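See below for the structure under consideration.
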Amino acid sequence: MPGLAHYLVLSALLFALGLFAVVTRRNAVTILMGIELMLNAANINLVAFNKFVAPGAMQGQIFALIVITLAACEAAVGLALVLAAYRTLETVYVDEINLMKW
Amino acid sequence: MSGEAIAFYLLAAVTLASAVVVVTTGNIVHAAAALVPSFLGVTGLYILLNAEFVAGIQVLIYAGAITVLILFAIMLTEGGTGLAGRQRNEQAAAGAAVAAAIAILLVAVAGRTTWTPEPGTLPSYTPGAIGQSFLRQNILVFEGTSIVLLVSLMGAIMIARREE
Amino acid sequence: MLLDWGYVAIFALVGAAMVSLPLLIIWLISPRSDYPQKFETYESGVPTIGQAWSQFHVRYYLFSLVFVVFDVEIIYLYPWAVVARSLGQLAFWEMLTFLVILVLGLLYAWRRGALEWV
Amino acid sequence: MAWGWELLRAFVGTIIIFSAVAFIAVMFGVLLERKISAWMQSRLGPKHVGPQGLLQTLADTVKLLQKENIVPARADRTIFASAVVIVPLAALLDYVVIPFGTTRSGPLIFRDLNIGVLYFAATSSLVVIGILMAGWGSNNKYALIGGLRSAAQMVTYEIPIGLCLVTVALMAGSLSTVTIVNGQQHLWYVVAQPVAFLIFLIAAIAEVNRVPFDLVEAESELVAGYFSEYSGMRFALFQLGEYGEMFAMAAMAVTLFLGGWRGPVLPPVLWFVIKLYALIFVFMWVRWTYPRFRIDQMLNFSWKVLIPVSVLNLVVTAFFVVAVHR
């Protein structure tokens, strides 16, 4: 029977993969994908705690729904920023976006 | 090895394998396409954790809406023409080390602390319980989220639309 | 409850196998002939010019943006719809404020021209 | 060995549903479409193969089975190949929650999920991913534009469908489709919710990319839209996805609004089939009566007409449900 520790280990690995993507990828859209993976890892933890530690109040699942909502908002605004940057700077690679203003 | 354990390891394998593909592949569109199986793997994990409603929402929003948003963004930026560019910057080794360190730290902390399960049992019909809790205890969060949605919609439109 | 989703998993797996069965059949029995012109992409006879992967207007993104926000709004409608009958008047007014705030978003997108296609 | 029997039951149920959808919904549906459009234009339609042309689509399928599948040059092979499986599979996943009828041992449904209606909305949003991958993978300008446009169209019409599903869930007080059908014992929801039924039908026609909303794969505009590079059996699989989705939408409209398998004297499954084919006839009838929308009219119609009306309808229904029941 997979216990709480199983889910925590799995979400730690998924979080590490997402963090690796955010830290080492050059394309801004792929960085946003890494952030989505990290948010998913956090959601697994929330729902796992809701089942194993505090089943009565459903707080974990409510928090997971809020995190999904904010992930959608974050993806929307983040990709809008990427598009605006692409329109003015013609590049999406973050290491080339290093000028504050010219 | 009960059925649930087999399902857990299968879903964990699917999620982590497609997450590795998202992280390491050079082709951006392959990365976006590989996101979908990892989201569906996480949906399976929610079902194992008796969170059916959150699983349905995860498929509807993550695999349905956010992946479409990412795919549109990829096609609006340089899309295929930029595939040749190298996708990973020079701090790959350092990044891997940091990520591995954090993973080991998390696992160590998770292993050592003991959680005391509170009394109470999971309600059988989760959508009803979530609705009750949203509209009774968490009403402030509920209205706050709608304001966050409104603000992010307005902000994103303002940023993305070219000011004529 | 887990049994329900076991059924759905089997439905998806067996379904995927049955959908890819015809593909296996054509892989086995279909003829092979590869003269180069056949693999040119179809542009009603004209030889293809340029890359298919050119960029597109930002309006595609704006539509999917407003869609994501409204799809997320539907998350909160489902649980409320299930318990609306038992929760009574207060829940109805709470839900109404939620909907009004988000219809404001739609009006803003409408006024701002995010919903224009051109 | 209980789970062995359950496994067998699920296995057999899947095979029955997939072959029933493949043969009845798609093959018969395509033939029905050709026959009905022929009668509407006062011609006869396919007649030679089998009695009254009944085996026409079967013959087409066998012909397609031995066609070579061609992958265009410089196409993205993995995405090109996987899209062919994703679109029909996502379209056919809807049939898990559709109650076809009832027998002594309970409702005739593959599995009554207690988030049934939400499951339906989630799977029909997966089809958009497959369409975008098909459009992108085939390295063809028409396919890419067609894929983007049909994704934008399907995405836009998912919101009115979601709001109509919420309205019916509000009336029935539960997300499970069997409870919704049982809730319509005395009064079909089409009587209480004519606006939601109309919006659901319009949005369903648009979701399935059928005329008058099929600008994306219109012959005169974008050749064949996102599947213009697919030939032979792969094209047939896309048709399986499209017709399977159309029948799933019609079956869900019957379940949500027309009382599913409820009917006075005939056996329940027969009632379900009658209502289903009545709606399918309406889908095909609409095809030959309305001209094709322009892309901006199509999208504006959803954002500026369907969504405000369905939100208003939801609020009014909620008011009556909450106020009247006190």
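Observations on the model:
- Residue D:282 meets each of the listed conditions (1) without any contact (Cβ under 8 Å) to a residue 24 or more places away in the chain; (2) exposed (fewer than 15 other Cβ atoms within 10 Å of the Cβ) apart from (1).
- Checked against (1) within 7 Å of chain B (Cβ to nearest Cβ); (2) out of contact with any helix residue (DSSP H, G or I) (no Cβ under 7 Å at 6 or more places or on another chain), residue A:17 passes all but condition (2).
- Boolean, residue D:181 is closer than 21 Å to residue B:59 by Cβ, of a type in the set (A, V, I, L, M, F, W, C) and part of a helix (DSSP H, G or I): no
- Contact map, region C:15-27: residues that are modelled with pLDDT of 85 or more paired with residues that are of a type in the set (Phe, Trp, Tyr), Cβ distance under 7 Å, separation 6+ or inter-chain. Pairs shown: C:15/D:18; C:18/D:18.
- Qualifying residue in region D:44-56 (condition: under 23 Å from residue D:281 (Cα atoms), within 12 Å of another protein chain (Cβ to nearest Cβ), part of a helix (DSSP H, G or I) and not small (Gly, Ala, Ser)): no
- Flag for residue D:62 being closer than 30 Å to residue D:143 by Cα and in a helix (DSSP H, G or I): yes
- Residue D:296 falls short on exactly one of the conditions (1) assigned to a helix (DSSP H, G or I); (2) over 15 Å from residue D:213 (Cα atoms); (3) among the charged types (D, E, K, R), and that condition is (2).
- Condition check for residue A:83: without any contact (Cβ under 8 Å) to a residue 40 or more places away in the chain and crowded, with 21+ Cβ neighbours inside 10 Å: yes
- Qualifying residue in region D:107-129 (condition: away from chain B (no Cβ under 12 Å) and touching an Asp or Glu at 6+ places or on another chain (Cβ under 9 Å)): yes
- Condition broken by residue B:7, with the remaining ones in (1) surrounded by 19 or more Cβ atoms within 10 Å (Cβ to Cβ); (2) over 21 Å from residue D:149 (Cα atoms); (3) in contact (Cβ under 8 Å) with a residue 24 or more places away in the chain; (4) more than 9 Å from chain C (Cβ to nearest Cβ) satisfied: (4)
- Residue-level check: of (1) crowded, with 16+ Cβ neighbours inside 10 Å; (2) at pLDDT 85 or above; (3) over 21 Å from residue B:77 (Cβ atoms), residue C:115 misses just (2).
- Test: residue in region D:233-243 that is free of Cβ contacts under 8 Å to residues at least 60 places away in the same chain and assigned to a helix (DSSP H, G or I): no
- Residue satisfying all of: in region D:298-314; surrounded by fewer than 16 Cβ atoms within 10 Å (Cβ to Cβ) and facing chain C (nearest Cβ under 10 Å); modelled with the lowest pLDDT among these: D:304
- Candidates C:64, C:54, C:44 - the one that is on the phi < 0 side of the Ramachandran plot, of a type in the set (Gly, Ala, Ser) and at pLDDT below 85: C:54
- Complete set of residues in region C:1-11 that are among the hydrophobic types (A, V, I, L, M, F, W, C), buried (at least 18 other Cβ atoms within 10 Å of the Cβ) and facing chain D (nearest Cβ under 7 Å): C:8, C:10, C:11
- Residue satisfying all of: in region D:157-208; under 18 Å from the mean Cα position of the chain (by Cα) and not hydrophobic (A, V, I, L, M, F, W, C); farthest from residue D:318 (Cα to Cα) among these: D:207
- Restricting region A:80-102 to residues that are aliphatic (A, V, I, L, M) and at the interface with chain B (Cβ under 7 Å from one of its Cβ atoms), the residue that is farthest from residue B:162 (Cα to Cα): A:92
- Looking across region A:26-64, the residues that are within 10 Å of the chain's Cα centre (by Cα) and within 25 Å of residue B:75 (Cβ to Cβ) come down to A:31, A:32, A:33, A:34, A:35, A:36, A:37, A:38, A:39, A:40.
This table checks each residue for (1) closer than 30 Å to residue B:134 by Cβ; (2) surrounded by 24 or more Cβ atoms within 10 Å (Cβ to Cβ); (3) among the basic types (Lys, Arg); (4) in the same structural domain as residue B:3 (by TED's automatic domain parsing).
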| site | (1), (2), (3), (4) |
| --- | --- |
| B:48 | yes, no, no, yes |
| B:60 | yes, yes, no, yes |
| B:88 | no, no, yes, no |
| B:99 | no, no, no, no |
| B:105 | no, no, no, no |
| B:118 | yes, no, no, no |
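- Qualifying positions in region B:43-61 - under 30 Å from residue A:83 (Cβ atoms) and more than 7 Å from every other protein chain (Cβ to nearest Cβ): B:43
- Residues satisfying the stated conditions in region B:12-31, i.e. more than 7 Å from chain A (Cβ to nearest Cβ) and of a type in the set (A, V, I, L, M): B:13, B:14, B:17, B:21, B:29
- Sole residue being in a helix (DSSP H, G or I), among the β-branched types (Val, Ile, Thr), under 16 Å from the mean Cα position of the chain (by Cα) and more than 7 Å from chain B (Cβ to nearest Cβ), chosen from A:77, A:67, A:23: A:67
Every residue, every condition in (1) under 16 Å from residue B:70 (Cα atoms); (2) at pLDDT 85 or above; (3) among the acidic types (Asp, Glu); (4) in contact with a Lys or Arg (Cβ under 6 Å, 6 or more places away or on another chain), yes or no:
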| residue | (1), (2), (3), (4) |
| --- | --- |
| D:97 | no, yes, no, no |
| D:109 | no, no, no, no |
| D:116 | no, yes, no, no |
| D:131 | yes, yes, no, no |
| D:142 | no, no, no, no |
| D:145 | no, no, no, no |
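- Given (1) of a type in the set (Gly, Ala, Ser); (2) assigned to a loop (DSSP other than H, G, I, E, B); (3) closer than 22 Å to residue A:34 by Cβ, index of the condition residue B:95 fails: (2)
- Hey, residue D:250 crowded, with 20+ Cβ neighbours inside 10 Å and either small (Gly, Ala, Ser) or at pLDDT below 90 (or both) or not: yes
- Pair list, Cβ < 9 Å and 6+ apart or interchain, from region A:1-18 residues that are under 18 Å from residue B:10 (Cβ atoms) to residues that are of a type in the set (D, E, K, R) and assigned to a helix (DSSP H, G or I): A:1/B:4; A:2/B:4; A:7/A:51
- The set of residues in region D:299-326 that are touching a Ser or Thr at 6+ places or on another chain (Cβ under 8 Å) and among the aliphatic types (A, V, I, L, M) comprises D:299, D:314.
- Checklist (1) surrounded by fewer than 18 Cβ atoms within 10 Å (Cβ to Cβ); (2) part of a helix (DSSP H, G or I); (3) touching a Gly at 6+ places or on another chain (Cβ under 6 Å) applied to residue A:47, failing item: (1)
The values are calculated or read from the model by the stated rules, or taken from the named source; none is laboratory data. All values derive from a computational prediction rather than experimental measurement. So basically every Cβ, Gly included, is an ideal-geometry build from the backbone, and we count neighbours across all protein chains shown.
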